[in-house]
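Engineer: Before I ask anything, let me first share the structure, which is written out below as structure tokens.
The values are calculated or read from the model by the stated rules, or taken from the named source; none is laboratory data. Note that this is a predicted model, so its numbers are computed, not measured. All Cβ positions, even for glycine, are placed from backbone atoms using ideal geometry, and neighbour counts span all protein chains on display.
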Ligand code: SME
């Protein structure tokens, strides 16, 4: 079975290049959204340093509903006008928050969270949900992380179409 290990000693570009390769291997041939969401959460949590929550919220047509994740139990439902997740979903823009204490309306599911990055998942023009990653370290995420996380989400969305013959996306070009 696949074994993941911490990528903490690598540069961020190297971390995300390795993660993309591992994620591609994990999701290859599997179009099931829940299965891939679960493994992608586990892969990222096990591989990247200084994270305390990694996972998905899926849009049910009205609000965001908790999906597969790694970390402490979290809020079950998030309206689109609330929190960092709601902001990502409603604006369809990645939210890069260096310090959640400075983000008005942040929802503190885990009191340890200090930095957060949330990527909207848009599939065939529709809001599918969001990918949410939290860190206990303020300023943990930068534009390298944004590019890397967006590339991982791009790969995840590709699996929904079983478009697995497509090349691995270059995260630097997304
Ligand atoms: N902090 C998020 C809520 C989800 S948890 O972090 C898992 C937000 O403000 O939307």
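Engineer: Does region 86-93 include one or more residues that are within 7 Å of the ligand (Cβ to nearest atom), part of a helix (DSSP H, G or I) and within 16 Å of residue 64 (Cβ to Cβ)?
Structural biologist: There is at least one residue in region 86-93 that is within 7 Å of the ligand (Cβ to nearest atom), part of a helix (DSSP H, G or I) and within 16 Å of residue 64 (Cβ to Cβ).
Engineer: While we're looking at this one, here's another question. Specify which of the listed residues (20, 10) is part of a loop (DSSP other than H, G, I, E, B) and touching a helix residue (DSSP H, G or I) at 6+ places or on another chain (Cβ under 8 Å).
Structural biologist: One residue alone meets the criteria, 10.
Engineer: Here's something else I'd like to know. May I ask you to verify whether residue 64 is surrounded by 12 or more Cβ atoms within 10 Å (Cβ to Cβ), in contact with a helix residue (DSSP H, G or I) (Cβ under 7 Å, 6 or more places away or on another chain) and in a loop (DSSP other than H, G, I, E, B)?
Structural biologist: It is false that residue 64 is surrounded by 12 or more Cβ atoms within 10 Å (Cβ to Cβ), in contact with a helix residue (DSSP H, G or I) (Cβ under 7 Å, 6 or more places away or on another chain) and in a loop (DSSP other than H, G, I, E, B).
Engineer: Could you tell me which residue of region 145-160 is nearest to residue 93 (Cα to Cα), considering only residues that are more than 14 Å from the chain's Cα centre (by Cα) and surrounded by fewer than 23 Cβ atoms within 10 Å (Cβ to Cβ)?
Structural biologist: Looking at residues that are more than 14 Å from the chain's Cα centre (by Cα) and surrounded by fewer than 23 Cβ atoms within 10 Å (Cβ to Cβ), I get 158.
Engineer: Hey, can you tell me all the residues within region 40-61 that are farther than 20 Å from residue 116 by Cα and buried (at least 18 other Cβ atoms within 10 Å of the Cβ)?
Structural biologist: none
Engineer: On to the next question. Are any of the residues in region 142-165 in a helix (DSSP H, G or I), modelled with pLDDT under 95 and within 13 Å of the ligand (Cβ to nearest atom)?
Structural biologist: Checked region 142-165: no residue is in a helix (DSSP H, G or I), modelled with pLDDT under 95 and within 13 Å of the ligand (Cβ to nearest atom).
Engineer: Further question: Scanning region 94-110 for residues that are assigned to a loop (DSSP other than H, G, I, E, B) and out of contact with any strand residue (DSSP E or B) (no Cβ under 6 Å at 6 or more places or on another chain), which turns out surrounded by the most Cβ atoms within 10 Å (Cβ to Cβ)?
Structural biologist: Of everything passing the filter in region 94-110, 109 is surrounded by the most Cβ atoms within 10 Å (Cβ to Cβ).
Engineer: Looking only at residues in region 42-64 that are without any contact (Cβ under 8 Å) to a residue 40 or more places away in the chain and closer than 14 Å to residue 129 by Cα, which one is nearest to the ligand (Cβ to nearest atom)?
Structural biologist: Result: 63.
Engineer: Then there's this: Would you be able to tell me the number of residues in region 122-139 that are free of Cβ contacts under 8 Å to residues at least 60 places away in the same chain and within 15 Å of the ligand (Cβ to nearest atom)?
Structural biologist: Adding up the residues that qualify gives 1.
Engineer: From 74, 38, 108, 17, which residue is at pLDDT 95 or above and within 10 Å of the ligand (Cβ to nearest atom)?
Structural biologist: 74
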